[in-house]
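Participant: First the structure, which I've put down as structure tokens, then a few questions once you've had a look.
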Amino acid sequence: MRRAVVMSCAVCAVCLCGCCEKMPVQLTVDSRWQFRQVGKQEWMAAQVPGCVHTDLLRNGVIEDPYYRTNERDLQWIDKQEWEYRTSLDVTPGQAASKKAEIVFEGLDTYAEVFLNGQKLLEADNMFRTWKVDVTGLLGPGANELRICFRSAITEGLERLARHGYSMPANNDQAVNGGLKEDERVSVFVRKAPYHFGWDWGPRFVTAGIWRPVRVMFAEDSYLEDLYMETVEVGPRKALMTAHVQIVGLSDTRAELCITDRDNGRRLARETVHIARGSNTISLPVEIENPKLWWTNGLGDQHLYTFEASLNCEGKVTGRKNVLTGIRTLRIVEQPDPDGRGTGMYVELNGVPVFMKGANHIPNDMFADRLTREVYRNEIDNAVKANMNMLRVWGGGIYENDDFYEFCDRRGILVWQDFMFACSMYPGDSDFLASVEAEAEDNVRRLRNHPCIALWCGNNEIDNAWQQHNPSGGWKMWKKQSYTPQQRDQMWKACEDIFKEILPRVVGRCDGQRPYRHSSPMAADPTRHANLLAEGDTHFWGVWHGKLPFDAFEQNSSRFVSEYGFQSFPEMATIKKYALPEDHNIQSEVMLSHQRSPIGNDAIREYMGMYYNIPDRFEDFIYVGQVLQAEAIRSAIEIHRGNMPRTMGSLYWQLNDCWPVASWSGTDYYRRWKAMHYFATKANEPVIFSLSERDGKVVVKLVSDKLKEIENVQVRGRIIDFLGRALYSFDKETNIPGNMSTVILELDPATVGEELTDALLVVDAAKDGRRIARGTRYFSKIRDAALPEAEPRLDITRKGNDLVIGIHSDKLIKNLYLYAEDVEGFFSDNYMDVLPGESIAVVFTPAEKTGGEKFRSSLKYKHIRKTMP
């Protein structure tokens with residue numbers, strides 16, 4: 001006999017007013033789950049939340065899906081049906097409750113749910129929250145809960161057959177999954193699109209209980225939701241509306257209170273009538289002297305804890321707390337005074353703010369691995385890199401609450417896509433109804449988070465399809481033959497989803513945030529996208545278009561929401577999925593972990609433009625990371641230098657979902673690539689932006705700070721690689737707040753010397769402290785004669801950290817430090833060591849380690865050592 005599941009109980013807080021409570025009991029069903037393949041006899045231990053793949057891995061049935069080419073051998077899993085079961089142990093009192101409900105926060109994807117053999121639910125959308133009334137269906141003692149998952153592939157194929165033709169979904173790796181090229185079923189399945197493969201991800205079409213399961217018992221009316229809507233914000237007062245959703249178990253009158261939990265102040269109290277069923281009641285709230293929520297770098301991220309409480313006949317029968325912030329935010333799109341375009345910027349609390357950040361994808365293929373610590377690490381990395389926005393891209397998932405909480409607490413705004421990307425979708429009534437329910441579930445779940453800046457309908461669909469522009473759109477989509485009727489049918493579905501359903505849901509459930517139907521999108525939504533003069537753009541001329549890095553300058557649009565460049569992860573990560581015999585970028589294993597069809601060729605081609613291509617595999621990996629870092633650094637500095645014309649720079653991408661060659665700045669194991677180090681510096685509050693125009697170097701100072709910085713000393717010098725000064729200048733200036741300012745133009749010809757082996761170094765100092773540094777080389781590193789040099793390293797201990805003093809009399813280009821046998825984090829890396837200067841880098845070991853072990857493990861590379 002199976003043992004009854006242990007259900008953890010969330011106990012309600014003590015009533016502030018001291019009266020009796022009759023609160024609902026919430027139980028989390030999270031232990032003693034079992035699973036099996038349908039048709040097999042053996043039940044195995046399962047983890048909930050979890051999925052079939054990780055359950056099979058934990059039970060030793062499959063090997064690590066990410067190792068070498070194991071992915072290929074695991075494609076059978078998504079063609080099978082799977083069954084999960086547990087037993088709910090219910091007390092007699094709970095069984096007799098006036099209301100009992102089971103809540104499934106996430107079922108992936110086609111699931112039938114049975115309680116004691118009785119069918120409760122058929123689920124068909126991974127992104128939905130499913131609530132089932134089980135009042136009177138739970139008996140005292142053990143109750144069997146069983147969930148059968150049908151194959152998303154089988155279901156998708158059936159839906160494709162009914163639809164009559166395949167639709168564009170080029171990132172769906174159907175062939176890798178054992179299907180035919182035209183059997184791309186992902187568009188028919190409301191499930192994370194990236195599970196079907198992408199050009200940076202594998203194909204693992206998962207199934208399982210991917211978010212928590214809860215049981216709720218209630219004896220009286222209770223609170224189901226609280227939404228705190230900011231209506232108006234002034235310096236002395238903020239007006240808000242508390243929207244409270246109440247489930248009435250009887251017709252009654254009750255007292256509804258709204259309280260600021262941080263200071264115990266009651267903000268509103270009203271006697272209300274509650275009808276049986278769902279009730280929504282809105283109460284006005286005033287906050288005196290509001291403390292505003294600001295993004296990282298501009299101010300504090302003050303958060304308020306508001307509580308709604310329901311008192312029925314002297315008993316508190318419901319409480320709901322939300323953590324939220326008070327701020328105003330607009331996406332401002334105004335025509336330029338000269339009529340040549342339309343600007344786009346984020347206005348936060350009345351201030352235009354340049355958005356510095358990246359695109360986010362899920363941190364793993366398997367959702368049960370998305371722990372709170374994983375999210376904490378990701379947002380920490382974004383904050384350390386001086387970011388203030390992440391774009392949650394539409395091919396992944398609506399992230400777990402932890403992700404948004406950390407963004408709230410750390411000041412990271414979120415551009416939130418709905419989960420549609422790079423595909424066309426069906427438009428039948430069942431599909432559209434599912435989309436609407438999905439959108440409402442997630443908008444309601446996330447709307448209290450101050451980090452959410454806007455909702456966006458999809459990724460790149462308008463730009464890829466371009467219904468009314470026969471010569472536009474993606475070439476790979478234009479190659480597919482569709483009848484005019486089919487094209488109209490697909491476009492009608494897009495218009496229904498992105499211009500009717502989704503904006504309707506946002507307007508109904510979250511009236512304070514803007515909605516954009518696609519990204520990229522022009523200021524005029526009736527026009528097609530990716531226009532430099534208006535709206536947001538995705539610029540892939542560098543990388544896909546093979547344009548040089550200076551093309552970022554000519555293509556700096558109003559808000560650049562995607563651009564990127566690839567690299568491999570560092571060797572420590574490669575060694576986790578590849579053996580030494582795999583260490584060739586064209587090996588079977590390395591190609592399996594490089595999903596871009598042009599990836600390796602593009603890296604090699606660009607490397608040949610700017611660097612000497614190394615022969616050794618390890619050196620190639622290192623130079624590739626430097627190459628990627630230089631591409632993204634140059635783009636960020638160009639975008640920021642073009643303020644206020646350009647007001648957003650979100651590169652692709654921040655993170656990885658498995659160990660792979662990709663566009664990420666941090667790899668699957670959260671190790672920083674060179675790019676993340678470079679982005680950290682390029683995103684600092686005050687930077688130099690150095691560019692070339694008409695043969696001259698244009699020197700700009702860029703400041704995110706809201707106030708002017710006065711009496712800044714700017715010192716520039718041109719030095720050769722041995723430290724010899726060739727030219728210098730000094731200038732005192734003020735740095736205006738929140739803008740980019742040209743401080744001078746430098747003509748290299750005035751130096752009167754050959755500058756192939758020289759660089760410009762510009763420093764800005766305030767009260768003797770350096771606040772910004774910029775460097776620009778006068779030739780490509782490929783063409784420069786880098787000196788042979790070795791750094792002097794002096795290691796000292798400071799608490800648990802190790803401080804590495806670095807000095808060289810000659811230029812060392814892109815010094816890369818690594819410790820082969822000690823895991824940890826370097827505060828800076830891949831840096832240029834200028835002649836005669838000293839640098840201090842702090843190494844924080846993951847575990848306490850001795851200085852001698854670190855000394856023996858510490859190694860380094862630099863560009864000169866990779867050259868012939």
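Participant: Once label points are set 7 Å from the Cα along Cα→Cβ at both Ser250 and Asn584, what is their separation, rounded to one decimal in nm?
Facilitator: According to this spin-label approximation, the distance is 7.9 nm.
Participant: For Asp300 and Asp182, calculate 0.36 nm times their separation in residues minus their Cα-Cα distance, and state this gained length in nm to one decimal. Mind dumping the intermediate values first?
Facilitator: Details: separation 118, 0.36 × 118 = 42.48 nm, distance 5.14 nm.
Extending this stretch completely gives an extra 37.3 nm.
Participant: Using a simple charge model, +1 on the beta-carbon of Lys and Arg, -1 on the beta-carbon of Asp and Glu, nothing else, what dipole does region 766-868 show about its Cα centre, in debye to the nearest 20? Don't skip to the answer; put the middle values down first.
Facilitator: Details: 19 positive and 15 negative charges, 76 e Å.
Dipole about the Cα centre, nearest 20: 360 debye.
Participant: Filter the cross-link list Lys575/Lys848; Lys478/Lys673; Lys705/Lys813; Lys673/Lys859; Lys681/Lys813; Lys766/Lys810 down to pairs whose alpha-carbon distance in this structure exceeds 25 Å. Present the calculation step by step, with values, prior to reporting the outcome.
Facilitator: Details: Lys575/Lys848 23 Å; Lys478/Lys673 36 Å; Lys705/Lys813 31 Å; Lys673/Lys859 16 Å; Lys681/Lys813 16 Å; Lys766/Lys810 28 Å.
Over 25 Å apart, Cα to Cα: Lys478/Lys673; Lys705/Lys813; Lys766/Lys810.
Participant: Treat region 595-739 as a sphere of radius equal to its Kirkwood radius over Cα pairs and apply Stokes-Einstein at 37 °C in a medium of 0.692 mPa s; give the translational diffusion coefficient in µm²/s, rounded to a whole number.
Facilitator: 186
Participant: At a Cα cut-off below 13 Å, give the aspartates and glutamates reachable from Lys861, other chains included and same-chain residues fewer than 8 away excluded.
Facilitator: Reachable aspartates and glutamates: Glu570, Glu618, Asp619, Glu788, Glu790, Glu820, Asp832.
Participant: Given a Förster distance of 60 angstrom, what is the FRET efficiency for Phe825 paired with Glu495, based on the Cβ-Cβ distance and rounded to 0.05?
Facilitator: Values: r = 48 Å, r/R0 = 0.80.
Efficiency computed from Cβ-Cβ geometry: 0.80.
Participant: Which part of region 289-310 falls in the paramagnetic zone of Leu706, meaning amide N under 17 Å from the point 7 Å along Cα-to-beta-carbon?
Facilitator: 289-303
Participant: Note the angle between two axes, namely the Cα long axis of helix 429-446 and the longest principal axis of the Cα atoms of the chain, as a number of degrees from 0 to 90, rounded to the nearest 10.
Facilitator: Result, in degrees: 70.
Participant: Moving on. Separation of region 604-640 and region 319-359 by C-alpha centroid, Å?
Facilitator: 33
Participant: Got a number for the accessible area of Lys384? Probe 1.4 Å, square angstrom, nearest 10.
Facilitator: 110
Participant: Can you give me the distance in nm between label points at Leu591 and Asp524, each placed 7 Å from the Cα along the Cα-to-Cβ direction?
Facilitator: Each label point is offset 7 Å from its Cα along the Cβ direction, giving 4.8 nm.
Participant: Okay, moving on. Give me Rg over Rh for region 250-372, both radii from the alpha carbons and Rh done the Kirkwood way, two decimal places. Show your work: numbers first, answer last.
Facilitator: Values: Rg = 21.2 Å, Rh = 18.8 Å.
Rounded to two decimals, Rg/Rh equals 1.12.
Participant: Percent of alpha carbon pairs in region 473-567 separated by more than 22 Å?
Facilitator: Details: 2087 of 4465 pairs.
For region 473-567, the share of Cα pairs beyond 22 Å comes to 47 percent.
Participant: Now for a separate question. Taking the Cα of Ser857, stepping 7 Å toward and past its beta carbon, and measuring to each backbone N in region 576-611: which are under 20 Å?
Facilitator: Within reach of a label on Ser857, which here means backbone N under 20 Å from a point 7 Å along Cα→Cβ, region 576-611 contributes 576-578.
Participant: Now, a different point. State to the nearest 20 debye the size of the charge dipole of the chain about its Cα centre, where the only charges are +1 on K and R beta carbons and -1 on D and E beta carbons. Each step should come with its number before you reach the end.
Facilitator: Values: 106 positive and 120 negative charges, 177 e Å.
Here the chain has a charge dipole of around 840 debye.
Participant: With a 1.4 Å probe and every protein chain kept in, tell me what percent of the accessible surface of the chain is carbon plus sulfur. Working shown, then result.
Facilitator: Numbers: 15610 of 33490 Å².
The nonpolar share, carbon plus sulfur, comes to 47 percent.
Participant: If you don't mind, there's one more thing I want to ask. Helix 484-496 versus the longest principal axis of the chain: what is the Cα-based angle in degrees, 0 to 90, to the nearest 10?
Facilitator: With rounding to tens, the tilt is 80 degrees.
Participant: Could you tell me the extents of region 30-78's C-alpha atoms along the three principal axes, largest first, rounded to whole Å?
Facilitator: 32, 24, 16
Participant: Of Leu654, Leu267, Phe431, which is farthest towards the positive pole of the chain's charge dipole, taken about the Cα centre with +1 and -1 on the beta-carbons of Lys, Arg and Asp, Glu respectively?
Facilitator: Farthest towards the positive pole: Leu267.
Participant: Once the cut-off is 23 Å, how many percent of the Cα-Cα pairs in region 98-239 end up in the long-distance tail?
Facilitator: 52
Participant: What distance in nm separates the two pseudo spin-label positions at Arg487 and Glu618, each 7 Å out from Cα along the beta-carbon direction?
Facilitator: The two pseudo-label positions are separated by 5.5 nm.
Participant: What 222 nm value per residue comes from the helices of the chain, counting each DSSP H run with n ≥ 4 as -39,500 (n - 2.57) and dividing by all residues, nearest 500 deg cm²/dmol? Write down the numbers at each step before the final one.
Facilitator: Working: 18 runs with 167 residues, N = 868.
After summing the helix terms and dividing by residue count, I get -5500 deg cm²/dmol.
Participant: Rounding to the nearest 10 and keeping the result within 0 to 90°, find how far the Cα-based axis of helix 372-384 lies from the longest principal axis of the chain.
Facilitator: Roughly 30 degrees, rounded to the nearest 10.
Participant: For region 315-417, what does the equivalent ellipsoid look like in terms of its semi-axes, each the square root of 5 times an eigenvalue of the Cα gyration tensor, given largest first in whole Å?
Facilitator: Working: eigenvalues 175, 82, 34 Å².
In descending order the semi-axes read 30, 20, 13 Å.
Participant: Then there is this: Considering every Cα-Cα pair within region 429-537, what fraction, in whole percent, is farther apart than 16 Å? Could the numbers behind the result be given before it?
Facilitator: Working: 3662 of 5886 pairs.
The proportion of pairs with Cα distances above 16 Å equals 62 percent.
Participant: Counting only other residues whose beta carbon sits under 14 Å from that of Asn70, what net charge do I get with K and R as +1, D and E as -1?
Facilitator: Working: positive: Arg68, Arg72, Arg203, Lys576; negative: Glu63, Asp64, Glu71, Asp73, Asp582, Glu588.
Net charge in that neighbourhood comes out at -2.
Participant: Related question: Using +1 on the beta carbon of Lys and Arg, -1 on that of Asp and Glu, and nothing else charged, what's the dipole of region 529-680 about the Cα centre, debye to 20? All intermediate terms of the calculation are to be shown ahead of the outcome.
Facilitator: Details: 13 positive and 18 negative charges, 75 e Å.
Using only the charged Cβ atoms, the result is roughly 360 debye.
Participant: Of Leu746, Ser691, Thr796, whose Cα points farthest to the positive end of the dipole of region 691-800 (charges on the beta-carbon: +1 Lys, Arg; -1 Asp, Glu; origin at the Cα centre)?
Facilitator: Of the candidates, Thr796 comes out farthest on the positive side.
Participant: Assuming R0 = 45 Å, can you tell me the calculated FRET efficiency for the pair Arg340 and Lys798, based on Cβ-Cβ distance, to the nearest 0.05? Write down the numbers at each step before the final one.
Facilitator: Numbers: r = 54 Å, r/R0 = 1.20.
Given R0 = 45 Å and the Cβ-Cβ separation, E is 0.25.
Participant: Taking 0.36 nm per intervening residue step and subtracting the Cα-Cα distance, what contour gain separates Thr69 from Ser728 on full extension?
Facilitator: On the way: separation 659, 0.36 × 659 = 237.24 nm, distance 5.56 nm.
Result for the pair: 231.7 nm of gain on full extension.
Participant: Give the lysines reachable from Lys99 as a straight Cα distance under 16 Å; neighbours fewer than 8 places away on the same chain don't count.
Facilitator: Lys22, Lys131
Participant: Shifting gears a bit: Can you give me the accessible area per residue for the chain, using a 1.4 Å probe, in Å²?
Facilitator: Working: 33490 Å² over 868 residues.
So the chain comes to 39 Å² accessible per residue, rounded to a whole number.
Participant: According to the Kirkwood expression over distinct Cα-Cα pairs, how big is the hydrodynamic radius of region 207-318, in Å?
Facilitator: Values: mean 1/r = 0.0631 Å⁻¹.
One decimal place: 15.9 Å for the Kirkwood radius.
Participant: Please list, by residue number, everything in region 733-759 whose backbone N is under 19 Å from a paramagnetic label point 7 Å out along Cα→Cβ of Val332.
Facilitator: The answer is 736-741.
Participant: Leaving out same-chain residues fewer than 8 places away, which lysines sit with a Cα under 27 Å from that of Lys79?
Facilitator: Within the straight-line cut-off, Lys79 pairs with Lys40, Lys119, Lys180, Lys191.
Participant: What FRET efficiency would be calculated for the residue pair Asp747, Leu547, taking the C-beta separation as r and a Förster radius of 35 Å, to the nearest 0.05? Intermediate results must be reported in sequence, preceding the final value.
Facilitator: Working: r = 26 Å, r/R0 = 0.75.
Working from the Cβ atoms, E equals 0.85.
Participant: Now, a different point. What is the spread of the Cα atoms of region 331-486 along each of their three principal axes, largest first, in whole Å?
Facilitator: Cα spread of region 331-486 along its principal axes, largest to smallest: 50, 50, 27 Å.
The values are calculated or read from the model by the stated rules, or taken from the named source; none is laboratory data. From a predicted model like this one, the values you see are computed outputs, not experimental measurements. Backbone-built Cβ (ideal geometry, glycine too); neighbour counts: all protein chains shown. The accessibility values were calculated without ligands, DNA or RNA, using every heavy atom of the protein model including side chains. Shrake-Rupley method; radii C 1.70, N 1.55, O 1.52, S 1.80 Å.
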